[in-house]
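Have a look at the structure below before the remarks.
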Amino acid sequence: MSFQAYLDGAEKKTGKTPADLLTEAAGRGYDGTTKAGVFLEWLKTDYDLGRGHGMALYHVLKNGAQISEKHVGTAGSHRDESTTLRLDGIANR
């Protein structure tokens, strides 16, 4: 799956947009210095999200909504359409 597909999947599972989840994470004190395991445990415990969905959110937590161009425009299931991930929710597209 692409980064965006993982973020969209997390939204479908939790009912919260990626932006909402990241705002909640910030409210808990999570930021780019938080260890991945701590962040993933929170998502698993509170939202039953697995590693793939959690790591996509963690990438955004650490690096922002930009991804490498190597993921854009390639063939296959792991490609994204843009180097900027949409965090505002599926309904806003």
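Relative to the longest principal axis of the C-alpha atoms of the chain, give the angle of the C-alpha long axis of helix 36-47, reported between 0 and 90° and rounded to the nearest 10°.
That helix lies at roughly 80 degrees to the long axis.
For residue 72, list long-range residues whose amide hydrogen, built 1.01 Å from N in the peptide plane, is under 5 Å from its own amide hydrogen.
80
List the GluC sites (Glu not before Pro) within the chain that fall in a DSSP loop (any state other than H, G, I, E or B) and whose Cβ has at most 16 other Cβ atoms within 10 Å.
81
Any idea what angle helix 3-14 forms with the longest principal axis of the chain, computed on alpha-carbon atoms, 0 to 90 degrees, nearest 10?
Long axis of 3-14 versus the principal axis of the chain: about 40 degrees.
When the gyration tensor of segment 3-67 is built from Cα positions, what are the square roots of 5 times its three eigenvalues, in whole Å, from largest to smallest?
For segment 3-67, the semi-axes come out at 15, 13, 11 Å.
Evaluate the relative contact order of segment 3-67 (contact order divided by residue number), counting alpha-carbon pairs under 8 angstrom at least 6 apart; express in whole percent.
38 percent
Which trypsin sites (Lys or Arg not before Pro) does segment 22-62 hold that lie in a coil by DSSP with at most 13 other beta carbons within 10 Å?
Sites meeting the loop and neighbour criteria: 28, 35.
Residue 49's amide H: which non-local residues (gap 5+, or another chain) put their own amide H closer than 5 Å, with H modeled 1.01 Å from N in plane and none for Pro or chain starts?
Hits under the 5 Å cutoff: 44.
Rounding to the nearest 10 and keeping the result within 0 to 90°, find how far the Cα-based axis of helix 18-27 lies from the longest principal axis of the chain.
The angle comes out near 30 degrees.
Once neighbouring chains are kept in place and the probe is 1.4 Å, which whole percent of the accessible area of segment 3-67 is contributed by carbon and sulfur?
52 percent
The values are calculated or read from the model by the stated rules, or taken from the named source; none is laboratory data. Since this is a predicted model, take the numbers as computed values, not measurements. Backbone-built Cβ (ideal geometry, glycine too); neighbour counts: all protein chains shown. These area figures cover heavy atoms from the full protein model, side chains too; ligands, DNA and RNA do not enter into them. Shrake-Rupley method; radii C 1.70, N 1.55, O 1.52, S 1.80 Å.
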